[in-house]
Each structure stands twice: as C-alpha cells, then as structure tokens.
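The values are calculated or read from the model by the stated rules, or taken from the named source; none is laboratory data. Remember, predicted model here, so these are calculated numbers, not experimental data. Here the Cβ is made from the backbone with ideal geometry for all residues, glycine too, and neighbour counts use every protein chain on show. Accessible surface areas use protein heavy atoms only, side chains included; no ligands, DNA or RNA. Shrake-Rupley method; radii C 1.70, N 1.55, O 1.52, S 1.80 Å.
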Amino acid sequence: MLRHAITLTCYLLVAAACACCLEPSGASAQACCVGGGGQLGVVGRERRAALTARLGYQRAMGSYANDGSYHGLRGASIDDLTLELGGGVRLFDHRLELSGTLPTRLQHRSYRGSQGSARVGLGDASLGVGLMLIRGSVDGVRRREPGTWIPFLDLNLGVLVPSGRAPENSHDQNGADVMGGGHFTLQGGLRLSQFVSLRQILTLSVLFERGLARDVHSLAGASHRYRPGAAVSLRASWLYARDMRWSGGLFVTTRLGRPAHQDRERVAGSASRSFSFGALLSWVFILPIWEATLSMSVDPFFSGPGRNLPQVGPRLSLLMKRSF
Amino acid sequence: MRHHTCFALALVALLASACSSNSGPPEPVTLRLADGTQGIFAPEDALGLGENMITITLTRADATPITGLNLQVDAFMPAHGHGLRQPPVASELGEGRYMVHIDFHMTGRWDMSVALGEGEDAPSFSVPLEVR
Ligand SMILES: [Cu+2]
C-alpha cells in the first residue's frame, strides 16, 4: 500500500512536470510577434532523463484589437502544425535539469484576394536550466502537520534562440514562412507545486521574458531599432492522478506584454494581454517509461480578456515522452 | 398576426444591425502636411487580411488637386517590428485621386507611409490604419 502510494506520487510528479511544459514557447511563437509564454522543463522530478515529441495544431479563429475587442477572422485561414522534439537530463541528485526543444513547423496562410501558401521550417529553439530550490512534501496537506505544507519550488532560466525565420526575412507573400520571432529571448521563472493530497497537485508558475533588441527594416528599406516588450506569464494548474496510468487536469494561463520600443521610443498602444484555459489527459502506456499526454486549450472568443493578439484560437497537442 | 409582424420586424432590425456593425468602409482619415498639402485616405471597405483598396485624394493648400505623382507607399507594424510581405501598388485615377492596392497579412495597427514622389526628401504622410 505504501509502495503503491510512493509510486503514484512519482507519476504525479512526472505528470505535473509534463503539464507545465505542454505549451512550449514554440506553440505561441507563431508568425506573429507575440512569442514565448511557454514553460521550461521536460524531465519528471523523479526521472534521470527524458526525450519528448510533441505534435501540436493551432487554428486561428479571430484576433483581439488594441481596445480589447474580439474580431472573428474574415476571408482568411491560418493553420499551424508543429512537431517539437525535446530532451532533458537531471543532475546532482535530480536537483538540476538541463533541457532543450527544437520545433519544426508547417504553416498555412490564405487571405482574400491572394493565393494560399504553405511553408515548412524550423521554429525557435529553446534551451533551459532548472533548479529545484525546495524539495517539497509529497504526502498531501494535513492540517496538523506543518511538514506536509512544504511545496516544491523550482527556478527556471532559459533562452529562446531565433532559429526560425524572422518576419523581416520572409519571402512568402502571405508570410507563411515566418517561423520565429527573429530575436533572442531571455526567460526566468519560478514554479510552486503543492501536493494537496496524495492524488492532487496544485501548481502556480510565473515566467518573465525579455526579448533582445534588433534592427528591422520595411519592404521599402526603412530601418528601425526594434525591441519587443517584456512579458510576464502566470499559470495555474490542477492535476489529479486516478491511478498509476491515468491522470488529468485543468489549467489557465495569462500573459501580460509590456509595450514594444521602436528607435528607443515606446510604441503607443502596443501592450498585449492574453488569456487561455485548457485541459489535459495523461496516460502511461508502458510503465514507467512511456507516456502520452493529450492537451487542449483555447482562447476566449469574446471581447475583454485579450488585447493586441493577431491570432487566437484552439490548440491541440499530443506529447509522447520516453523517460529514463 | 400582429405578434408575427412585430417579431419579423424585430428580426429584420436585428439582422440589419448585425450586418452594419462590422462591415462597410471606415471613416476616411484626413491629414495635413506643414505646407498645407491635404490627403484624404478612404478605404473602399473595412480593412482586413488580404487585399485592400484605399483611395487617396491629394490637394494643395489652395485646394487644387495634385496630379502626376508617383506615390511611394509602404506600411509597418510598429508593435511587432515588421512590414508588409508584398509592395503596395499605387495608380493615378485623375483629379488628384489615387488608388492603392495593399495586402495585409496580420490584424492590428499598421502605419502606412505615403511619400509624394521618389527620393528621401519627398514629403510624406503617415497614416494609422486598424486592420481587423
Ligand atoms: Cu505583426
């Protein structure tokens, strides 16, 4: 019975780590310039290493204007398919994690009055370092035992590498070949995970992102020094493990972007805001090493929650993970 | 019967308001340069993804139309740091009126620059546009 509980805890830890890395940076760094927002980390806390493959699909259904109004997409279709390979290893008593991801993207764009186009290319890669600052209790919160209230606390640092084609280097008339943000992004975040019971984990995470400045130019040759706005993402998730094979959960994410700067001047009205929510279902189909996780998330399709988002819609992803 | 007529009228009114809420051309934008040159920028329809047509009417300070210009049009998305994927095409309609064909590949705020001729010294308008 005790052994069963410990094993279940291990899987919950693995699944919780998974739930946090389900929407890696590549998922939202689409042809537009509102990138990042992803969480770092790949390897479950009780595992030595992991390899992952994530197949993701996103369809744009609308956009948010600067005033927060939602507008359905008119006369256009925008679809992104992403295959992201990732890997990570844990060192020093599992306290340090090194991880990386590399997405390949297939993007289709079709607008009124022009021929549709589809392009394949690398997206922006990510490299991350995770450090377990506090190894928490896995016993589930019990009121009279303060030791069970100690949460796991992880520090994550990372960088997004502009391996995807930048907007200013696009050759496709619809911009279907724009696969990345075009700039390095530094990331730093904290993740707090609390076992509220033997079967349930609540996780709160915060991620700061800072895109580095670069020179950009328009078609006619006008050149600008552009720096994307810094951003902070907040994410809350709840995860429930039914048994050693099945677990599921719900999550909400919000991302607040500060204004961008052009030629050192703040671009008025360029702050952004996004909000999405979703659910995931995880299945360990070969104990304890192979796991599949299906995740769905969606942005609201009414005015208010978002601001300055050129493409919002549903996202679906399937993550396959081999742990070691 | 009266009930049905009222319902039908309400439905028609609702449909009419729904249709008019998001379609139709936006208000023209009127801008002036320091020397009094005036530009009126009037999209043919609500600006959206893909091809759009914008009529530009140019007049001098004394209200005479400006003709024979080779307009240089470009657009940039300052919030994202990128421009267009295809160069806009401008053609003269006559009597100071010009037609610009411009393709947007992203919704949001665009700054369209319209230079009244070639060369860096040509006077130019910067027109804010909202693509939805
Ligand atoms: Cu853009």
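Rg/Rh for region A:194-324 to two decimals, with Rh computed the Kirkwood way over all alpha-carbon pairs. The partial results should precede the final answer.
Numbers: Rg = 19.6 Å, Rh = 17.6 Å.
Across region A:194-324, the Cα-based Rg/Rh ratio is 1.11.
What trypsin sites (Lys or Arg not before Pro) in region A:87-157 are in a loop by DSSP, with at most 12 other Cβ atoms within 10 Å of the Cβ? Before the final figure, lay out each step's value.
Values: sites: A:Arg90, A:Arg95, A:Arg105, A:Arg109, A:Arg112, A:Arg119, A:Arg135, A:Arg142, A:Arg143, A:Arg144; in loops: A:Arg95, A:Arg135, A:Arg143, A:Arg144.
When the trypsin sites (Lys or Arg not before Pro) of region A:87-157 are filtered for loop state and at most 12 Cβ neighbours within 10 Å, A:Arg143, A:Arg144 remain.
Once the piece of chain linking A:Phe277 and A:Ala222 is laid out straight, how much longer is it, given 0.36 nm per residue of separation minus the C-alpha distance between them?
Numbers: separation 55, 0.36 × 55 = 19.80 nm, distance 3.95 nm.
The A:Phe277-A:Ala222 span can extend by a further 15.8 nm.
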### Query
Can you tell which of A:Leu202, A:Leu219, A:Leu190 shows the greatest fluctuation in a Gaussian network model of chain A with Cα springs below 10 Å?
A:Leu219
## Note on the structure
In region A:81-166, the chymotrypsin sites (Phe, Trp or Tyr not before Pro) that sit in a DSSP loop and have at most 12 other Cβ atoms within 10 Å of their own Cβ are A:Phe92
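Could you sort A:Trp290, A:Trp283 by their accessible area in this structure, using a 1.4 Å probe and putting the largest first?
Working: A:Trp290 85, A:Trp283 105 Å².
Sorted descending by solvent-accessible area, the residues read A:Trp283, A:Trp290.
Using +1 on the beta carbon of Lys and Arg, -1 on that of Asp and Glu, and nothing else charged, what's the dipole of region A:2-323 about the Cα centre, debye to 20?
On the way: 36 positive and 22 negative charges, 119 e Å.
Result for region A:2-323 is approximately 580 debye, rounded to the nearest 20.
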### Task
Within a 10 angstrom radius of each residue's Cβ in B:47-56, how many Cβ atoms of other chains show up on average? Whole number is fine.
4
### Task
Using DSSP to define loop residues, name the trypsin sites (Lys or Arg not before Pro) in region A:223-324 whose beta-carbon has at most 11 other beta-carbon atoms within 10 Å.
A:Arg242, A:Arg264
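Averaged across A:113-121, how many Cβ atoms of other chains sit within 10 Å of each residue's Cβ atom? Before the final figure, lay out each step's value.
Values: counts 8, 7, 0, 0, 0, 0, 0, 0, 0.
The per-residue average across the peptide is 2.
Can you give me the Rg/Rh ratio for region B:26-131, using Cα atoms for both radii and the Kirkwood formula for Rh?
0.94
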#### Entry: Using θ = phi - 60° and Karplus 6.51 cos²θ - 1.76 cosθ + 1.60, couplings along region B:126-132 (whole Hz; Gly, Pro as x)
10, 10, x, 10, 10, 9, 10
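Averaged over peptide B:61-72, how many Cβ atoms belonging to another chain are found within 10 Å of each residue's Cβ?
Details: counts 0, 0, 0, 0, 0, 0, 0, 0, 0, 0, 0, 1.
Whole-number average of other-chain Cβ neighbours for B:61-72 is 0.
So what is the 222 nm mean residue ellipticity for the protein assembly as shown from helices alone, if each DSSP H run of at least 4 adds -39500 (n - 2.57) and you divide by all residues, rounding to the nearest 500 deg cm²/dmol? Don't jump to the answer; show the numbers that get you there.
On the way: 3 runs with 44 residues, N = 456.
The helix-only estimate for the protein assembly as shown comes to -3000 deg cm²/dmol at 222 nm.
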### Task
Taking just the C-alpha trace of the protein assembly as shown, give me its Rg and Dmax in Å.
25.9, 93
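Around A:Ser303, under 13 Å between beta carbons, what's the net of Lys plus Arg minus Asp minus Glu among the other residues?
Numbers: positive: A:Arg273, A:Arg307, B:Arg132; negative: A:Asp67, A:Asp299.
With Lys, Arg at +1 and Asp, Glu at -1, the neighbours total +1.
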### Task
Select from A:Pro103, A:Pro300, A:Pro146 the residue whose mean-square fluctuation is largest in a Gaussian network model of chain A (Cα-Cα springs shorter than 10 Å).
A:Pro146
